[in-house]
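The values are calculated or read from the model by the stated rules, or taken from the named source; none is laboratory data. This one's a predicted model, so the numbers in the text were calculated from it and none came from an experiment. Counting neighbours? That spans all protein chains shown, and the Cβs are built from the backbone with ideal geometry, glycine included. Keep in mind that these areas ignore ligands, DNA and RNA; they rest on the heavy atoms of the full protein, side chains included. Shrake-Rupley method; radii C 1.70, N 1.55, O 1.52, S 1.80 Å.
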Amino acid sequence: MCELDQLAFWTKLLNLDGFQVVHEQLGAAAEPRRFTVLPKTPVAICPHCGQLCEDIQRRTDSAGVRDLPIGERAVELTIRIYQYWCGVCDRAFTPPIPFLAPGGHATERFLEQARQLIAFGDIANTATFLKVSESSLGRWYYDYLERQQQSAAPPAKPIRQLGIDELSLKKSTGSSSPC
């Protein structure tokens, strides 16, 4: 299998929406498998004006991002992040990466798996199983739960009508007057 076929295999296996594997680093058996991923298409839509932007102003690498393990091997991603410059509205922006948790230390699917494992056990055992420190996993876990609760809460709706206390009206004590 040639290197391009192998990278295409890892791209398909990791299934990171809109990103492709461009490098694989395999160290000793106790070390994580490391992948470098970058966007498949180096263009983005400006969130300010809605125009298509191709002008990459800066490239940064987010290293050490934890993803789901492959077998018994931990997986770390280095994600190439592009910051674009929009010539139309004269502003810079970085498009969001949907699979990356805020803070950039783990993928959302890694945190969801950790949540499920913690539900059956505890943070210490899950951290050992996923090969991360207990303090890091605890912090990521509680941040993840808070984000899930905030996104699950329905937005507040405006008051459309007021009710009248029917019992007070029936008593006819005169303590409450109808509107």
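Do the conditions hold for His105, that is, is it closer than 27 Å to Tyr141 by Cα and open to solvent by 80 Å² or more (accessible area, probe 1.4 Å)?
Details: closer than 27 Å to Tyr141 by Cα: yes; open to solvent by 80 Å² or more (accessible area, probe 1.4 Å): yes.
Considered against the rule, which asks whether it is closer than 27 Å to Tyr141 by Cα and open to solvent by 80 Å² or more (accessible area, probe 1.4 Å), His105 comes out as yes.
Among (1) farther than 25 Å from Leu137 by Cα; (2) in contact with a strand residue (DSSP E or B) (Cβ under 6 Å, 6 or more places away or on another chain), which single condition is Phe35 missing?
Among (1) farther than 25 Å from Leu137 by Cα; (2) in contact with a strand residue (DSSP E or B) (Cβ under 6 Å, 6 or more places away or on another chain), Phe35 violates only (1).
Could you check the range 56-81 and list, in sequence order, the residues that are modelled with pLDDT of 90 or more and hydroxyl-bearing (Ser, Thr, Tyr)?
The one that is modelled with pLDDT of 90 or more and hydroxyl-bearing (Ser, Thr, Tyr): Thr78.
Give the range 25-74 a look and list any residue that's within 23 Å of Leu4 (Cα to Cα) and in contact with a Pro (Cβ under 7 Å, 6 or more places away or on another chain), or say none.
Arg73, Ala74
Taking the conditions exactly as written (closer than 20 Å to Arg147 by Cα, in contact with a Phe, Trp or Tyr (Cβ under 6 Å, 6 or more places away or on another chain) and either at pLDDT below 85 or small (Gly, Ala, Ser) (or both)), does Ala101 satisfy them or not? Spell out how you get there, then give the answer.
Numbers: closer than 20 Å to Arg147 by Cα: yes; in contact with a Phe, Trp or Tyr (Cβ under 6 Å, 6 or more places away or on another chain): no; either at pLDDT below 85 or small (Gly, Ala, Ser) (or both): yes.
No; evaluated as a whole, the condition is false for this residue.
Of the numbered conditions (1) open to solvent by 90 Å² or more (accessible area, probe 1.4 Å); (2) aromatic (Phe, Trp, Tyr); (3) part of a strand (DSSP E or B), Phe9 satisfies every one except a single condition; which is it?
If we test Phe9 against (1) open to solvent by 90 Å² or more (accessible area, probe 1.4 Å); (2) aromatic (Phe, Trp, Tyr); (3) part of a strand (DSSP E or B), just (3) comes out false.
Looking for something among the polar types (S, T, N, Q) and open to solvent by less than 20 Å² (accessible area, probe 1.4 Å) - is there at least one such residue anywhere in the range 73-95? Walk me through how you get there before you give the answer.
Filtering the range 73-95 down to residues among the polar types (S, T, N, Q) leaves 78, 83, 94.
With the extra rule that they be open to solvent by less than 20 Å² (accessible area, probe 1.4 Å), the set shrinks to none.
Checking the range 73-95: not a single residue is among the polar types (S, T, N, Q) and open to solvent by less than 20 Å² (accessible area, probe 1.4 Å).
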